[in-house]
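Have a look at the structure below, then the notes.
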Amino acid sequence: RVLFRSDPATLNALAWLLVTRRDPAARDPARATPLARRAVHRLEERRGRAPRAPEDRALLSACLDTLAEALRLTGDLDEAAAAQRRAVDLTRGLDPEAGDLAALEARLAAIEAAARARAGP
């Protein structure tokens, strides 16, 4: 139980599961958001906002990606875009095996398009 509350990878995995279930009715971004925030916070406490180790950068990027998806689903597009931008920035320069930059950039583009559409012409 203590591991669950403090391990960023475990928190992120649960949050990701809550926002990516096949059945949209079963998704729970409201529960996922605080889990993803906690994962980001715990990792930043341990490794800083811009960790140097590739595995730490990849994990923080994944946590931010999860947070962005949870925020997008709850309608907080501005904060979702900010989190996704950080995920993209952290992933740049990593070994392609460590992070999927193209997927992160595609999700950022989708979030930004949704924000523009919501804002109107």
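Here is a check on your reading of the model: is THR91 among the polar types (S, T, N, Q) and open to solvent by less than 60 Å² (accessible area, probe 1.4 Å)? When the stated conditions are applied, THR91 passes them.
Note on the stretch 20-36: residues that are surrounded by 11 or more Cβ atoms within 10 Å (Cβ to Cβ) and out of contact with any Leu (no Cβ under 6 Å at 6 or more places or on another chain) total 6.
Per-residue answers, yes or no, for (1) at pLDDT below 95; (2) aliphatic (A, V, I, L, M); (3) open to solvent by 90 Å² or more (accessible area, probe 1.4 Å):
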| site | (1), (2), (3) |
| --- | --- |
| VAL40 | no, yes, no |
| ARG46 | yes, no, yes |
| ARG57 | yes, no, no |
| ASP76 | no, no, no |
| ARG86 | no, no, no |
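Hey, does the stretch 67-85 have a residue that's free of Cβ contacts under 8 Å to residues at least 40 places away in the same chain, of a type in the set (D, E, K, R) and within 21 Å of ALA13 (Cβ to Cβ)? Looking through the stretch 67-85, none of the residues is free of Cβ contacts under 8 Å to residues at least 40 places away in the same chain, of a type in the set (D, E, K, R) and within 21 Å of ALA13 (Cβ to Cβ). One residue alone among VAL40, VAL19 is closer than 15 Å to LEU73 by Cα and among the hydrophobic types (A, V, I, L, M, F, W, C), and that residue is VAL19.
The values are calculated or read from the model by the stated rules, or taken from the named source; none is laboratory data. These numbers were taken from a predicted model, which means no experiment stands behind them. Ideal geometry is used to build each Cβ from the backbone, glycine not excepted, and the neighbour counts take in all protein chains shown. These accessible areas exclude ligands, DNA and RNA; they are computed on the full protein's heavy atoms, side chains included. Shrake-Rupley method; radii C 1.70, N 1.55, O 1.52, S 1.80 Å.
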